Protein chains: 2
Amino acid sequence: MEILIIGAGMMGSAMAVPALEKGHRVTVAGTPLDAEIIDELKRSNYHKTLKRELRGDISFRQYEEISENIPESDVVVSGVSSFGAGWFAEEVIPKLKSGQKVLAVTKGLHGKDDGTLETIPEWYTGLREDIYFNAVGGPCISFELADRVETEVAFCGRDKKVLEELRGIFGTEYYHISVTDDVKGIETAVALKNAYAMAVSLAIGAYAGNNPEQSGRYNAQAGLFYESVREMRELIKLLGGGENALAFGAGDLYVTVFGGRTRRLGVILGSGIEFSEAEEQLSGVTLESVAVIRLMGKYLGNRLAEYPLMAHMYERITRNTVPDIPWNSFLHDYLIDG
Amino acid sequence: MEILIIGAGMMGSAMAVPALEKGHRVTVAGTPLDAEIIDELKRSNYHKTLKRELRGDISFRQYEEISENIPESDVVVSGVSSFGAGWFAEEVIPKLKSGQKVLAVTKGLHGKDDGTLETIPEWYTGLREDIYFNAVGGPCISFELADRVETEVAFCGRDKKVLEELRGIFGTEYYHISVTDDVKGIETAVALKNAYAMAVSLAIGAYAGNNPEQSGRYNAQAGLFYESVREMRELIKLLGGGENALAFGAGDLYVTVFGGRTRRLGVILGSGIEFSEAEEQLSGVTLESVAVIRLMGKYLGNRLAEYPLMAHMYERITRNTVPDIPWNSFLHDYLIDG
């Protein structure tokens with residue numbers, strides 16, 4: 001099969017590893033933002049940000065070199081971040097061939113004009129109903145996938161046969177793929193986990209510095225983890241997702257707290273630094289977590305208070321203050337029979 | 001109020017800290033197994049296993065010194081481990097005064113004669129319906145509670161007024177207590193998290209040694225975390241718990257993977273060592289995780305295969321072999337509409 005990865009970020013590029021292993025021919029094409037990554041890959045097969053060599057039946061191209069050949073690939077992997085999702089919609093989607101299969105690693109939700117939210121596969125399907133748009137969720141750090149660490153993910157999409165075909169293409173003895181048509185559930189979990197991983201990391205910054213193994217203040221982290229899982233469950237339900245998605249979301253939250261870039265911002269904020277200064281310290285890092293918090297704050301409006309940890313993150317980001325973590329607002333009394 | 005803690009283990013003893021802070025008078029009474037801990041506390045106020053001093057309006061007694069005074073206390077905290085739950089049932093429960101309030105930190109489930117399982121508060125209520133039996137769940141490491149780290153827990157019991165009274169007694173600005181009558185949900189989560197924390201720790205042992213911060217193989221840990229949350233959700237449901245309990249269970253799982261003693265056994269097993277040898281290496285550590293895995297294996301019988309991670313742990317413990325982690329059995333395909 002011909003696999004075309006558009007977007008040479010870490011996760012998109014890492015998807016080449018299982019595909020190559022299964023004997024497919026892979027092309028990694030950079031977006032206009034990835035020019036340097038592609039130049040280096042062309043020179044040395046070394047991926048600058050993934051920090052790994054990509055070798056085998058693989059070639060590297062700038063976007064303009066392949067843009068007319070998109071319909072020829074069997075599967076298009078969208079490797080863009082949520083900030084590139086609009087570019088993919090405008091630039092790539094019109095070029096797709098009817099019936100073509102797309103698998104997106106993009107993490108995010110799309111704010112519709114009417115104020116509601118939709119997942120990226122739903123958004124894209126609204127643009128082209130003749131394309132199979134699928135997405136990846138569940139716990140996976142890109143460089144660990146590239147290193148062939150055991151990984152459990154879910155592919156979601158509307159067509160079971162297409163999902164099973166994609167599983168056949170990418171599934172290896174270390175990349176384990178569940179398939180589901182719960183696009184809303186998996187993709188909401190994928191988007192939210194960045195926001196909540198940042199929230200859990202507040203406690204790491206507040207109590208444990210950068211090495212929780214040594215200084216450990218796990219109760220506080222776990223208290224925020226509990227509230228994160230609770231709010232994720234409610235929000236997945238609110239956005240129409242199924243109940244099985246939460247386990248993938250909880251695993252994804254776990255891996256993002258410990259292995260993701262989002263953690264860095266949460267740790268800095270947790271140490272008592274204002275958002276604007278934290279942002280400066282991290283200049284150059286794309287902060288999808290911040291984008292999703294803004295989006296959820298805007299979407300939820302008056303209902304934001306029902307999600308006190310999300311509300312706290314929204315306040316930190318939009319007001320640039322350093323309020324205490326509202327521990328008592330995470331109390332949830334309930335009576336089964338009451 | 002007079003608070004009597006029976007069982008001078010780490011968690012029972014740590015409960016003294018918030019109670020003292022709220023101005024209550026606390027007595028910590030050892031079980032016959034705690035004689036040395038109590039002797040040291042009497043001498044120096046230093047708790048040997050908690051590794052903290054306990055000071056304030058607190059006294060320390062051997063069990064035989066207080067056994068006739070049990071009815072005089074306003075609240076009895078059961079600080080025994082699951083291995084002491086039977087002792088508490090036989091020795092302490094008959095001495096309680098009608099209407100007395102008990103709060104248990106014990107983690108475990110009770111196998112009934114008919115082969116079914118019940119929670120410890122349910123078991124005890126079956127013995128004495130005139131007593132209010134309550135229990136603590138949610139993420140909390142004892143020594144962090146003693147250090148006044150922010151902690152989110154749930155107290156569960158059948159009577160809302162009693163639960164709120166208990167919250168009034170123990171709730172502080174760092175010990176945050178939700179209350180619920182979902183005893184089955186909270187206590188099933190409490191018992192299971194030990195088993196699953198050991199399971200997640202397998203990946204730490206297999207890939208990361210003892211310091212996941214340094215060597216990091218988080219995808220594998222997170223893959224097991226995902227499956228743990230999924231199986232916990234199913235088992236909480238199977239045992240009659242409500243759906244809100246899972247968030248407390250997920251937080252508790254998180255804290256136990258990183259801060260608990262259970263992790264040590266999982267890491268050793270994960271490195272490829274047989275159970276019998278691992279047990280020898282850890283001689284002296286009470287392994288509630290092992291007990292709950294045995295109990296679940298026996299209870300589930302033929303249905304054990306529906307919980308492949310629990311089944312894997314059961315196999316490791318009962319057959320003393322080192323099978324591969326069954327990653328592909330954690331795939332869960334589902335179709336919302338199908």
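A short reminder: the numbers here are calculations on the coordinates, not readings from a lab. Every value quoted in this text rests on a predicted model; they were computed, and no experiment measured them. In this analysis, Cβ positions are derived from the backbone assuming ideal geometry, glycine residues included, and neighbour counts consider all displayed protein chains.
Of the beta bridges in chain B, as assigned by DSSP with both residues counted there, near 20 percent are antiparallel. For region B:75-159, the antiparallel share of DSSP beta bridges with both residues in that region comes to about 45%.
Rounded to the nearest 20, the size of the Cβ-charge dipole of the protein assembly as shown about its Cα centre is 580 debye, with Lys and Arg at +1 and Asp and Glu at -1. Taking a point 7 Å from the Cα of A:Leu335 along the Cα-to-Cβ direction, the residues of region B:136-170 with backbone N closer than 17 Å to it are B:155-168. Helices in chain A that qualify as membrane-span-like (whole DSSP H runs, Cα extent of at least 20 Å along the helix axis, mean Kyte-Doolittle hydropathy of 0.5 or higher) are A:183-203, A:245-259. Straight-line reach from A:Lys160: taking Cα to Cα under 24 Å and skipping same-chain neighbours fewer than 8 places apart, the lysines in range are A:Lys22, A:Lys97, A:Lys101, A:Lys107, A:Lys184, A:Lys237. Charge dipole (Cα centre; +1 on Lys/Arg Cβ, -1 on Asp/Glu Cβ; no other charges) of chain B amounts to roughly 320 debye.
Along the Cα-to-Cβ line of A:Glu2, 7 Å from the Cα, sits a label point; which residues in region A:44-65 have backbone N less than 15 Å from it? Under 15 Å, as judged by backbone N against the label point of A:Glu2, lie A:58-61, A:65 of region A:44-65.
For region A:81-151, GluC sites (Glu not before Pro) meeting the loop criterion (DSSP other than H, G, I, E, B) and having at most 15 other Cβ atoms within 10 Å: A:Glu129. When Rg and the Kirkwood radius Rh are both evaluated on Cα atoms of the protein assembly as shown, their ratio Rg/Rh stands at 1.00. Excluding residues fewer than 8 places away in the same chain, name every one of the lysines whose C-alpha is closer than 16 Å to that of B:Lys42. Once the sequence-local lysines are set aside, what remains near B:Lys42 is B:Lys51. Placing +1 on each Lys and Arg Cβ and -1 on each Asp and Glu Cβ, with no other charges, gives region B:1-100 a dipole about its Cα centre of roughly 340 debye.
Calculated [222 nm] ellipticity per residue, helices only, for chain A: -13000 deg cm²/dmol; basis is -39500 (n - 2.57) per DSSP H run with n ≥ 4, divided by all residues, nearest 500. The antiparallel fraction among DSSP beta bridges confined to the protein assembly as shown stands at about 20%.
In region A:33-121, taking the dipole from charged Cβ atoms about the Cα centre, the farthest positive-side position among A:Tyr46, A:Gly108, A:Gly79 is held by A:Tyr46. Of the residues B:Val162, B:Gly185, B:Thr151, the one whose Cα sits farthest toward the positive end of the charge dipole of region B:127-218, with +1 on the Cβ of Lys and Arg and -1 on the Cβ of Asp and Glu, is B:Gly185.
Here the simple spin-label model places points 7 Å from the Cα toward Cβ, and for A:Asp57 and A:Glu173 these points are separated by 2.0 nm.
Each Lys or Arg adds one and each Asp or Glu subtracts one; over the other residues with Cβ under 12 Å from the Cβ of B:Val80, this totals -3. Taking the Kirkwood radius as Rh and the Cα radius of gyration as Rg, chain A has a ratio of Rg/Rh equal to 0.97. Using a Förster distance of 45 angstrom, determine the FRET efficiency expected from the C-beta separation of A:Asp74 and A:Tyr46, and round it to 0.05. With a Förster radius of 45 Å, E is 0.95.
Between the residues A:Phe133, A:Gly251, A:Gly272, the greatest Cα displacement towards the positive end of the dipole of chain A, with unit charges on the Cβ of Lys, Arg, Asp and Glu, is found for A:Gly272.
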